[in-house]
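Novice: The following block contains the structure, expressed as structure tokens.
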Amino acid sequence: MKLIVLQELLKEGLKITSRISIKSLSFPILNNLFLCAEKNFISLKGTDLETGITWWSLAKVERGGKIVIPAQLFSNLVSFLPNKKVTLETKDFLLDISCENYKTQVKGFNPDDFPIIPQVPREEKILVGSQDFCQSLSQVVGVASPSTTRPEISGVYFSFGKNSIKMVATDSFRLGEKTLSLKKPSELRQEYSLILPQKAAREVINIFEEDRGELQVFLAPNQILFESIMSETQHPKIQLVSRLIEGEYPNYQEIIPKKHETKIIFQRNEFLNQIKTASLFSGKINEIKLKVNPKTGKVEILSQSPDLGEYQSFFTAQIKGQPVEISFNHRFLADGLSNIKSSEVIFELNGEGGPGVLKPSEDPTYLYIVMPIKAS
């Protein structure tokens, strides 16, 4: 193999693919990347056996070939090179790297030992704006929680329809739901639902959130493929393939309240700042108490710690319905508010023991449910 590629392109590809390589004592090949030169392209592949990422770029390929190279070493080395043309050449399982005054040789490995990243059938396809998709996913991905007893809540649930994509995540104490409308009806032959591992969902956001083009999503029974395309060649630029979590997702719609006893409309930033301040005195279980008074139009926030002291503040709001005193985990409240981008927020409450629902005042596509801390 011999090829010439710009350092900035190679650096970009290594940043994308090396993040998925893992330090594995039992399977050390996963510490590496698969480097391939073919036709007019260079490609890099990385995998952790659950997720696989492939990146391509145009390059001047003088001789095709492939090699497996240490991900961290190669990535660090390329980052120190000047932004000039880099020549990569293999001799057996050695990779010669030269760039201006730099010349290095890295010991590689047999490419036949690298795990195969599976191919996903391309029959069931959906197109969506890359930035819209990633922004929507970012509103729910942090809610999921790793669980060995209930693996289905360890990921993000997707429901792909003709005109929309619904994304849901829960950790059994809270739940986020986002509905993304499609600009064009999908060409799916049927509705699909699946559970994407949280780690893979985070990688989708990290990799594709800056892409201003379309994201192609290919659906299969046990896997999913996300793909961006080079505009100049219509060749794939980045592919992310992930296994799916098996099992049935909880019937989460049952816990979405159909009505409420108290409705509060307030300014997001003021409430969020007061929650963060109250959290300094919230104790070991992260508890803060809200006292909602419709007559005065005030919401009091209280927290206390036996070791640190007490905190009390209030803010004014539009309040309709019943007065209520209710306690929440401050971190869960802050996470929900942080995922809402509008300045005005609606908070619907259902007594001291019922779930609270946070949602943007002018955006019906997102809601965040949080369970209260019940008084002992």
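Novice: Among the candidates K199, K107, which residue alone is over 30 Å from G354 (Cβ atoms), touching a residue at least 12 places away in the same chain (Cβ under 8 Å), among the basic types (K, R) and in the same structural domain as L81 (by TED's automatic domain parsing)?
Specialist: From the options K199, K107, the qualifying one is K107.
Novice: Now for a different question. Taking strands (runs of 3 or more DSSP E) that do not extend beyond segment 269-370, which have at least 1 residues that are aliphatic (A, V, I, L, M)?
Specialist: Ranges flagged: 287-293, 298-305, 318-321, 324-329, 344-349, 356-360, 366-370.
Novice: Could you check, for segment 278-285, whether at least one of its residues is within 22 Å of T170 (Cβ to Cβ) and touching a residue at least 40 places away in the same chain (Cβ under 8 Å)?
Specialist: Looking through segment 278-285, at least one residue is within 22 Å of T170 (Cβ to Cβ) and touching a residue at least 40 places away in the same chain (Cβ under 8 Å).
Novice: Could you pull out every one of the strands (runs of 3 or more DSSP E) wholly within segment 29-107 that has 1 or more residues that are at positive phi and modelled with pLDDT of 95 or more?
Specialist: It comes to 65-70.
Novice: Could you pull out the residue among T170, T262 that is outside the structural domain of S136 (by TED's automatic domain parsing), surrounded by 15 or more Cβ atoms within 10 Å (Cβ to Cβ) and among the β-branched types (V, I, T)?
Specialist: T262
Novice: Residues T365, T296: which one is of a type outside the set (K, R) and over 27 Å from C134 (Cα atoms)?
Specialist: Residue meeting the stated conditions: T296.
Novice: How many residues are in a loop (DSSP other than H, G, I, E, B), farther than 12 Å from I369 by Cα and in contact (Cβ under 8 Å) with a residue 24 or more places away in the chain when one looks only at segment 168-189?
Specialist: 7
Novice: In segment 20-73, how many residues are surrounded by fewer than 23 Cβ atoms within 10 Å (Cβ to Cβ), aromatic (F, W, Y) and closer than 17 Å to N110 by Cβ?
Specialist: 1
Novice: Test of understanding: among G354, G321, G336, which residue is on the phi > 0 side of the Ramachandran plot and outside the structural domain of V140 (by TED's automatic domain parsing)?
Specialist: Exactly one of G354, G321, G336 is on the phi > 0 side of the Ramachandran plot and outside the structural domain of V140 (by TED's automatic domain parsing), namely G321.
Novice: Going by the conditions given, is S228 more than 22 Å from Y157 (Cβ to Cβ), touching a helix residue (DSSP H, G or I) at 6+ places or on another chain (Cβ under 9 Å) and in a strand (DSSP E or B)?
Specialist: Yes, satisfied.
Novice: Can you work out which of the residues in segment 131-157 that are buried (at least 23 other Cβ atoms within 10 Å of the Cβ) and in contact with a Leu (Cβ under 6 Å, 6 or more places away or on another chain) is nearest to P360 (Cα to Cα)?
Specialist: Looking at residues that are buried (at least 23 other Cβ atoms within 10 Å of the Cβ) and in contact with a Leu (Cβ under 6 Å, 6 or more places away or on another chain), I get F133.
Novice: Anything in segment 265-296 that is farther than 21 Å from G351 by Cβ and exposed (fewer than 13 other Cβ atoms within 10 Å of the Cβ)? List them, or say none.
Specialist: N269, L280, K284 - these are the residues of segment 265-296 that are farther than 21 Å from G351 by Cβ and exposed (fewer than 13 other Cβ atoms within 10 Å of the Cβ).
The values are calculated or read from the model by the stated rules, or taken from the named source; none is laboratory data. Quick caveat, the model's predicted, so the values are computed rather than measured. For neighbour counting, all protein chains shown are included, and Cβ atoms are generated from backbone atoms with ideal geometry for every residue, glycine included.
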